[in-house]
Amino acid sequence: MRALEMVAPGTALREGLENILSARTGGLLVIGDPEELAFLYSGGIRIDIDYTPALLYQLAKMDGAITLNANATKIQMANVQLMPDPTILSVETGTRHRTAERVAKQTDALVIAISQRRAVVSLYVDGTKYILEDIPNVLAKANQALGTLDKYRARLDQVSTRLTALEFEGGGTLHDVLTVLQRAELVTRMAVDIERSIVELGSEGRLIEMHLEETMLGTAAEKAALVHDYMAGDSDEEFAAVLEQIGRLGHQDLLDFGRLSELLGYDRKISTLDYPVAPRGYRILGRIPRLPKLVVASVVRGFGGLDELLAASDAELEAIDGVGEIRAKDIREGLRRLQEINLVDRYLQT
């Protein structure tokens with residue numbers, strides 16, 4: 001991602017690469033700490049001058065590699081012959097690309113190989129190769145992914161609305177919870193893929209970035225509150241561990257409700273369809289405006305669950321640390337409005 005950010009449209013480095021592509025001269029660039037890479041160099045011309053796209057284009061006319069400092073603000077050397085370890089395995093066939101792959105595997109440098117005949121830019125980082133695509137192709141893929149993300153988010157909103165209604169009615173099951181959790185994670189993963197495209201698009205991806213931010217608003221908080229509400233344990237360590245494990249799940253495991261229920265601390269052999277569960281209240285209370293997280297935690301600790309909170313008297317709610325009379329009224333009013341909003345949302349979805 002850091003490499004894609006450095007060569008994204010709108011950057012000076014990308015302008016230099018475009019100039020080389022237009023001239024079809026080809027080139028080999030090594031970006032990294034000069035002292036750590038010096039053992040690879042043989043010959044070359046020391047320049048040590050500020051980077052400019054025009055200068056990079058002129059130096060690329062020579063056969064050797066061009067070396068830049070780690071943030072690509074200075075050109076260190078030009079026409080350098082690189083001597084990486086020849087025993088390092090390489091799947092490339094061309095001399096320039098084989099050298100680039102070996103240098104990237106042997107060092108922490110970003111190596112960019114520009115093909116003279118095919119006009120293709122290849123990035124090599126830590127043994128990984130990535131070919132830069134044309135901006136229109138990346139834009140088309142990103143827009144297609146956004147369309148799919150919108151559908152995923154709409155489905156997440158549907159199952160989340162249904163779960164909220166069941167929570168207020170006291171009729172939620174583990175299957176309802178896992179459905180929302182699964183959808184939230186799927187939406188999160190698709191957003192990560194789109195973020196990569198946004199980085200690659202650079203200045204061309206601003207509108208897609210704005211669309212993504214609007215679509216993902218509240219998703220991370222929703223997922224975290226859901227886990228906090230329904231995991232079997234209630235410690236901060238368990239909470240962090242569950243979130244991390246969900247993020248690492250393979251796609252097939254994410255589709256397996258038995259595996260998801262196991263991560264939350266339940267027996268994976270239970271029938272999720274009819275296993276009753278009750279929320280602690282983090283998710284619902286988190287939707288009340290201007291209610292601090294510390295107060296939410298105090299209310300949850302004080303009552304132990306949403307059902308108990310809904311049945312509590314005003315005096316019991318006011319007695320919770322950090323609540324008081326005014327905030328207790330805000331909580332009551334907030335819960336009432338959430339019920340009304342949820343009722344309207346369910347009506348609109350049907």
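The values are calculated or read from the model by the stated rules, or taken from the named source; none is laboratory data. Computed from a prediction, not measured in an experiment: that's the story for all the values here. Cβ placement follows ideal geometry from the backbone for every residue including glycine, while neighbour counts extend to all protein chains displayed.
Overview of results
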quantity: Residues that are out of contact with any helix residue (DSSP H, G or I) (no Cβ under 7 Å at 6 or more places or on another chain) and in a helix (DSSP H, G or I), drawn from region 82-117; calculated: T95, R96, H97, R98, T99, A100, E101, R102, A104, K105, Q106
quantity: Hey, D274 touching a strand residue (DSSP E or B) at 6+ places or on another chain (Cβ under 7 Å), in the same structural domain as E185 (by TED's automatic domain parsing) and farther than 30 Å from G147 by Cβ or not; calculated: yes
quantity: Qualifying residue in region 291-307 (condition: touching a helix residue (DSSP H, G or I) at 6+ places or on another chain (Cβ under 7 Å), at pLDDT below 90 and not assigned by TED's automatic domain parsing to the domain that holds E169); calculated: yes
quantity: Any hit, region 129-137, residues being charged (D, E, K, R), closer than 24 Å to M1 by Cβ and surrounded by fewer than 14 Cβ atoms within 10 Å (Cβ to Cβ); calculated: yes
quantity: Filtered residue count, region 225-256, keeping only those that are outside any loop (DSSP other than H, G, I, E, B) and either within 16 Å of Y266 (Cβ to Cβ) or more than 15 Å from the chain's Cα centre (by Cα) (or both); calculated: 19
quantity: Hits in region 198-223 - residues which are more than 20 Å from Q158 (Cβ to Cβ), crowded, with 17+ Cβ neighbours inside 10 Å and free of Cβ contacts under 8 Å to residues at least 60 places away in the same chain; calculated: I198
quantity: Count - residues of region 296-318 that are farther than 17 Å from T173 by Cα and surrounded by 20 or more Cβ atoms within 10 Å (Cβ to Cβ); calculated: 5
quantity: Residue check for G322: at pLDDT 90 or above and either outside the structural domain of E167 (by TED's automatic domain parsing) or within 25 Å of A165 (Cβ to Cβ) (or both); calculated: no
quantity: Residue within region 102-124 that is in contact with an Asp or Glu (Cβ under 6 Å, 6 or more places away or on another chain) and among the charged types (D, E, K, R) present; calculated: no
